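Values quoted throughout were computed directly from the atomic coordinates according to the rules given, and no laboratory measurement underlies them. No experiment lies behind these values; they were computed from the predicted model shown. As a convention, Cβ positions derive from the backbone with ideal geometry for all residues, glycine included, and neighbour counts pool all protein chains shown.
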Ligand SMILES: [Zn+2]
């Protein structure tokens, strides 16, 4: 039985979907104005594994991840580059999709763009105003935080103490410094008509409304990076409590941060490592292995040394599997059966809040057995088991053995039997060079 650490309750809870064998999942996606960095890649990889595992458990998963294509940073960048916001966000949306694929993740079932839901956002904001939980000022529309008794439920903050932490903006025309913007009146950059003047929606409102429009009810899992807990997710929840009387999702899952050489990645520090640069030097599956080998709730301290270490680890995994694949191909052994015990063990580890680092211990144990196994039937069962697991983690290498290699291997065997050592050595060297033995 799958158990998930729910950040809404700070407890490990038994996972129970709203509908039988169906999971609705939403993960906050990127603001598309630049290339994604290693920190952005972490949720892209982890929630892809979550989806794959839920599918393995026979759930029908509807996975939505939004694209924020309207934002102050987008407008700023579009001005700098002297291009339209749409041209900029289209470019980086495409790049994001390509990076997602390069990282070995499957594209979510839906990638809704904020600008496609503007009229629904306006209507939602009007409804919040009608209910008295939002109000209009000359600068836009704000959400009245003190109208929601559960405010602070996710970030575990007391609403009264929040006042001290909030920056008091003297220019602001908000009733209360804790209130957050749900519509910003502005004619700077891309803007839309609304009953309150031209402007654009607030980011927290975008996600709340897209969830409401796409799913229409409380979803099962809402995910994102831990840095989104406050204020973004807290404010998504506050609006949903006011508008729909639920917490948007039953299970909230947050992925830990990724630091580089023990320093938080940030533009101002100039220590951003881009995914595209990393993938020029390393196998994406080796990077994925590094990511999933850290528990998703723990921070990752990335370094080049760590990457090199995991590139070597992944090479070892690949080499063992490649040799086994050749042995099975030579005898035309079909792959269809997994080992029941191994798969049970795998499930019990994954069911424990996706404890993937322990799955990797299991994988190394199976690989050890594969290296020793002489019985081809047993080898195929071990191979198929580890293949099933690696496919769920999204790191199963794809092998194709050409007939030429099969012939070469047979010739090597014959040469050895015929004591033609010179030929045998030549063939062995060639097979070794190609990584097959
Ligand atoms: Zn969001």
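For residue 24, the conditions (1) buried (at least 19 other Cβ atoms within 10 Å of the Cβ); (2) assigned to a strand (DSSP E or B); (3) away from the ligand (no atom under 16 Å from the Cβ) all hold with the exception of (3). Just one of the listed residues (134, 78) is more than 16 Å from residue 204 (Cβ to Cβ) and in contact with a helix residue (DSSP H, G or I) (Cβ under 6 Å, 6 or more places away or on another chain), namely 78. Screening the stretch 388-410 for residues that are more than 27 Å from residue 424 (Cα to Cα) and surrounded by fewer than 18 Cβ atoms within 10 Å (Cβ to Cβ) and picking the one that is farthest from the chain's Cα centre (by Cα) gives 398.
Residues checked against (1) away from the ligand (no atom under 16 Å from the Cβ); (2) crowded, with 16+ Cβ neighbours inside 10 Å:
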{"position": "251", "(1), (2)": "no, yes"}
{"position": "254", "(1), (2)": "no, yes"}
{"position": "259", "(1), (2)": "yes, yes"}
{"position": "265", "(1), (2)": "yes, yes"}
{"position": "276", "(1), (2)": "yes, no"}
{"position": "280", "(1), (2)": "yes, no"}
{"position": "285", "(1), (2)": "yes, yes"}
{"position": "288", "(1), (2)": "yes, yes"}
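Consider the stretch 186-225 and keep the residues that are within 21 Å of residue 7 (Cβ to Cβ) and away from the ligand (no atom under 13 Å from the Cβ). The one that is surrounded by the fewest Cβ atoms within 10 Å (Cβ to Cβ) is 217. For the stretch 39-76, the set of residues classified as within 21 Å of residue 275 (Cβ to Cβ) and surrounded by fewer than 18 Cβ atoms within 10 Å (Cβ to Cβ) consists of 52, 73, listed by residue number.
Go through (1) surrounded by fewer than 14 Cβ atoms within 10 Å (Cβ to Cβ); (2) on the phi < 0 side of the Ramachandran plot; (3) out of contact with any strand residue (DSSP E or B) (no Cβ under 6 Å at 6 or more places or on another chain) and name the single condition residue 110 misses. So residue 110 meets the others, but not (3). Within the stretch 1-21, take every residue that is within 17 Å of residue 229 (Cβ to Cβ) and free of Cβ contacts under 8 Å to residues at least 24 places away in the same chain and give me the one that is farthest from the ligand (Cβ to nearest atom). So, considering only residues that are within 17 Å of residue 229 (Cβ to Cβ) and free of Cβ contacts under 8 Å to residues at least 24 places away in the same chain, the one farthest from the ligand (Cβ to nearest atom) is 11.
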